[in-house]
Amino acid sequence: MAARQWTTEQKQCIEADGGPLLVSAAAGSGKTAVLVQRILHKITREENPVSIDRLLVVTFTKAAAAEMKQRIAAELSRRMGEHPGDRRLRRQQGLLPRAAISTVDSFCANLVREHFHLLDISPQFRVAEDAETRLLRDEAVGEIIEEAYAQAEPGFLELADMLGNGKNDRRLAEDIEKIYDFIQSHADPEGWLDEKEQAYATAGPLRSTVWADVVLRHIAGVLRHAQALIASAISLTDGNAVLTEKYRPALVADRQAADEALARLLSPGCDWDTLPLFLSGIGSAPLKAARACGDEAAKERVKALRGDVKALIRPLPALLCGNEAQCREDLDVLRRLVAALFALVRRFAARYEEKKKNRRMLDFSDLEHGALRLLTSRGEDGAVLPSPLAQELSVRFDEILVDEYQDTNAAQDALFYALSREGENLFFVGDVKQSIYGFRQAMPELFLRKRDAWPDYTGESYPATITLGHNFRSRAEVTDSVNFVFRQLMTKESAGIAYGAREALVPRAPYPGGTGYETELILIDTDSNEDPLDGRDAGEARVIAKRIGELVGTLPVTENGVTRPAAYGDFCILLRSKKGRSDIYAAELTKAGVPVTTAGDRGFFATPEISLALSLLRVIDNPLLDVPLLAVLLSPLYGFTPDDLAGIRLLDRRSALYPALSRMAGRGTTRENGDLPERCRDFIRQM
């Protein structure tokens, strides 16, 4: 088997040794292969080899950890086949089951179990299931809200009135839990609450507040966009005397107004109260009639651009709601409400903690923060320092390798630094462009901060960054399309990262040439749908099914270097949301003769057999619930038909179904009723 040829950047990732590294790995760049190869290089190199049990490898999922161990084991076995007498390889293979290759949750759980006595927790603790924590959280939040009502604190009552809907406090409870979940991603949750609460008491001009900064930065971005549109409109009038005479004066006035508004907004002495006046001047001058201009397309384009400018500017004054004095009054009110809300969050955290402790339970956040308490301490100046235990454990690991670093949060990041040797033996791998879900309060800004601050790798100075931008998975047609779309969409302001040359995918996959691989955009005219009752999803699914049918057997695809005709299994349909849509797509594709499988999104409790069991339990608990009762009666358990239930309902149309069922059970068997009364009696006896 020929040895794999690594690119220069991949080789640097594998062999670099001397300080902290951040690898920015694009999709399809061989990130996992490079990470595995780095581990193998460290444990098998001739000079200064590292034992595999002296590496800490943190992955994102248990499946990823298992796959990494499997890959390492397979490569060690292959090398042992080539060098059967190599004792070092045999030793590394024996140590592999003990290697610290796991998720951060598993690592934290093991650490907490090993040092439970330092945390004042039971050695018999267990990790709670989601269903258990949900019940405990509901209990805790319900109790602290009831207690707050009993105490009738003015701040709380005002908060409850603002967030409530007059019927219940569901929104208040949800907000308490959302904030609690968010602060668990920080190394110091209590400190985060204190810091944000203090922000409402900040003195100084309104412009200096974080809220005004957000508003002003947004307005500045809109004004720059408007400037670009106005410049385009002015350029369209060049060379056309009529458009220059009729349209250009208003457009020039727009440009001057936009320039002046932006300059005033960016000036240090920006006056909040006068900003709306400067915004109102943009788009206020009317366009004069431009008849017989000789270029109707340019005329319409200028008018459209002017309309876009007006549409951009129109909502901006509403963002500057109230003058500075009024906004300050609002902040004073919000300060009371936020103080009341954060007090509830603190009480919820304490109550929830108490309930878990009584049941000897920990959740995943507890594991992370327990590990943090074990590994960190506070200096006299409040700085976070590695604890004596962290210093002891750091001797165990020659390197800490973190996969999917873009999905790390601040608490986890603090763990890695505490375990490291002052950050010098850290190796991070990730792709900030793939951190789009905020999974478990991920903080991609941690990745971006390092990538922007650390210089490119030279082999001489550390810390450093290495970019893996080559894509070994996709055709050039795919990467070109991806790059085109995201260059338009991803900016620093909108996505936290600008999609430039550093982010672009560079195709390196050795696909054979050919035609028919161009990216397609299929537009569907939904207004021409023949069936007005037919939904958009069904129409889209039919178009997709038709296109798949055209490509199957005709489009050549390459898999593992072998070219063959496309099969149905080569196609994947991605939906923004599966709920309520995947079944429609599956039905339409099946009608068109396209075999299809869908990833289930209903969950365990929504499967038919479990749903039926739950309905049966609900009926046993309360037979007056019509919907569960209908589900049970119509199920194979009892076999009632819709006609049977219609006959039962006719006996009592006003009350619940169960009284009507009881009335039918009290009737005798007749030609009209058949055995329906007897079946109703059997059902009631069983209940």
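Screening Glu530 on (1) touching a Gly at 6+ places or on another chain (Cβ under 9 Å); (2) modelled with pLDDT under 90 shows it passes everything except condition (1).
May I ask you to list the residues in segment 550-564 that are open to solvent by 40 Å² or more (accessible area, probe 1.4 Å) and out of contact with any strand residue (DSSP E or B) (no Cβ under 8 Å at 6 or more places or on another chain)? If the condition is that a residue be open to solvent by 40 Å² or more (accessible area, probe 1.4 Å) and out of contact with any strand residue (DSSP E or B) (no Cβ under 8 Å at 6 or more places or on another chain), then Glu550, Glu559, Asn560, Gly561, Val562 are the ones that fit.
Step by step: first the residues of segment 363-388, then only those that are open to solvent by 20 Å² or more (accessible area, probe 1.4 Å) and hydrophobic (A, V, I, L, M, F, W, C), then the one that is nearest to Ala418 (Cα to Cα). Which residue is that? If we take residues in segment 363-388 being open to solvent by 20 Å² or more (accessible area, probe 1.4 Å) and hydrophobic (A, V, I, L, M, F, W, C), then Leu385 is nearest to Ala418 (Cα to Cα). Restricting Phe278, Phe364 to those that are closer than 20 Å to Val214 by Cβ and aromatic (Phe, Trp, Tyr) reduces the list to Phe278. Out of curiosity, is Ala349 part of a helix (DSSP H, G or I) and either open to solvent by 10 Å² or more (accessible area, probe 1.4 Å) or under 30 Å from Ser122 (Cβ atoms) (or both)? So Ala349 passes the test. Of the helices (runs of 4 or more DSSP H) lying entirely inside segment 195-301, those containing at least 3 residues that are surrounded by fewer than 14 Cβ atoms within 10 Å (Cβ to Cβ) are 210-237, 248-266. The number of residues in segment 651-680 that are charged (D, E, K, R), over 13 Å from Phe640 (Cα atoms) and in contact with a helix residue (DSSP H, G or I) (Cβ under 9 Å, 6 or more places away or on another chain) comes to 5. The set of residues in segment 489-510 being within 18 Å of Ala26 (Cβ to Cβ) and open to solvent by 80 Å² or more (accessible area, probe 1.4 Å) consists of Leu489, Ala501, Arg502, Arg508, Pro510.
Only a single item in (1) in contact with a Ser or Thr (Cβ under 8 Å, 6 or more places away or on another chain); (2) open to solvent by less than 30 Å² (accessible area, probe 1.4 Å) is not met by Glu404, and it is number (2).
With the structure loaded, tell me whether Glu588 is out of contact with any Pro (no Cβ under 9 Å at 6 or more places or on another chain) and farther than 30 Å from Gly549 by Cα or whether it fails that test. Against the criterion (out of contact with any Pro (no Cβ under 9 Å at 6 or more places or on another chain) and farther than 30 Å from Gly549 by Cα), Glu588 does not qualify. You will find that of Gln70, Gln5, Gln12, Gln37, the residue that is surrounded by fewer than 18 Cβ atoms within 10 Å (Cβ to Cβ), of a type in the set (S, T, N, Q) and in a helix (DSSP H, G or I) is Gln70 and no other. The single condition among (1) among the hydroxyl-bearing types (Ser, Thr, Tyr); (2) more than 30 Å from Gly580 (Cβ to Cβ); (3) in contact with a Leu (Cβ under 8 Å, 6 or more places away or on another chain) that Ser635 does not meet is (2). Could you tell me which residue of segment 457-505 is modelled with the lowest pLDDT, considering only residues that are part of a loop (DSSP other than H, G, I, E, B) and hydrophobic (A, V, I, L, M, F, W, C)? That would be Ile497.
Taking strands (runs of 3 or more DSSP E) as the structural unit, those lying wholly within segment 375-434 and holding at least 2 residues that are under 25 Å from Glu503 (Cα atoms) correspond to 399-402, 426-430. Against the conditions (1) more than 30 Å from Asp213 (Cβ to Cβ); (2) within 28 Å of the chain's Cα centre (by Cα); (3) surrounded by fewer than 19 Cβ atoms within 10 Å (Cβ to Cβ); (4) of a type outside the set (Ser, Thr, Tyr), Leu319 satisfies every one except (1). From the list Phe472, Phe484, the one residue that fits, being over 30 Å from Glu540 (Cβ atoms) and open to solvent by 60 Å² or more (accessible area, probe 1.4 Å), is Phe472. Only residues that are open to solvent by 80 Å² or more (accessible area, probe 1.4 Å) and part of a helix (DSSP H, G or I): list them for segment 511-528, please. Asp527, the sole residue that qualifies. The combined condition, being open to solvent by 50 Å² or more (accessible area, probe 1.4 Å) and not acidic (Asp, Glu), is not fulfilled by Pro628. With the condition kept exactly as written, say whether any residue in segment 167-175 is surrounded by fewer than 17 Cβ atoms within 10 Å (Cβ to Cβ), basic (Lys, Arg), within 28 Å of Cys321 (Cα to Cα) and in contact (Cβ under 8 Å) with a residue 40 or more places away in the chain. Scanning segment 167-175 turns up no residue that is surrounded by fewer than 17 Cβ atoms within 10 Å (Cβ to Cβ), basic (Lys, Arg), within 28 Å of Cys321 (Cα to Cα) and in contact (Cβ under 8 Å) with a residue 40 or more places away in the chain. Taking segment 608-687 as the region of interest, the helices (runs of 4 or more DSSP H) fully inside it that hold 3 or more residues being among the β-branched types (Val, Ile, Thr) are 608-621.
State yes or no: is Arg451 assigned to a helix (DSSP H, G or I), farther than 29 Å from Pro556 by Cβ and touching a residue at least 24 places away in the same chain (Cβ under 8 Å)? Yes; evaluated as a whole, the condition is true for this residue.
Residues in segment 549-589 that are aromatic (Phe, Trp, Tyr) and closer than 23 Å to Arg473 by Cα: Tyr568, Phe571.
Residue by residue, here is whether (1) of a type in the set (Asp, Glu); (2) assigned to a helix (DSSP H, G or I) holds:
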site	(1), (2)
Glu132	yes, yes
Arg137	no, yes
Val141	no, yes
Ala148	no, yes
Asn165	no, no
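Count of segment 566-624 residues, restricted to those that are modelled with pLDDT of 85 or more, among the hydrophobic types (A, V, I, L, M, F, W, C) and open to solvent by 70 Å² or more (accessible area, probe 1.4 Å), is 5. Going residue by residue through segment 485-500, is there one that turns out to be of a type in the set (Phe, Trp, Tyr) and under 23 Å from the mean Cα position of the chain (by Cα)? Checked against the condition, which is being of a type in the set (Phe, Trp, Tyr) and under 23 Å from the mean Cα position of the chain (by Cα), segment 485-500 yields at least one hit.
Matching residues to (1) farther than 30 Å from Ala261 by Cα; (2) under 27 Å from the mean Cα position of the chain (by Cα); (3) not acidic (Asp, Glu):
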position	(1), (2), (3)
Tyr180	yes, yes, yes
Ile183	yes, yes, yes
Ala187	yes, yes, yes
Asp194	yes, yes, no
Ala231	no, no, yes
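Test Ser77 against the criterion of being under 22 Å from His369 (Cβ atoms) and modelled with pLDDT of 90 or more, and give yes or no. Against the criterion (under 22 Å from His369 (Cβ atoms) and modelled with pLDDT of 90 or more), Ser77 does not qualify.
All of Ala418, Ala410 fail the test of being hydrophobic (A, V, I, L, M, F, W, C) and either surrounded by fewer than 21 Cβ atoms within 10 Å (Cβ to Cβ) or without any contact (Cβ under 8 Å) to a residue 24 or more places away in the chain (or both), apart from Ala410.
The values are calculated or read from the model by the stated rules, or taken from the named source; none is laboratory data. Model, not experiment: these values are computed from the prediction. A quick note on method: Cβ atoms are made from the backbone with ideal geometry, for glycine too, and the neighbour counts reach across all protein chains shown. Each accessible area value is taken on the protein alone, full model and side chains, heavy atoms only, with ligands, DNA and RNA left out. Shrake-Rupley method; radii C 1.70, N 1.55, O 1.52, S 1.80 Å.
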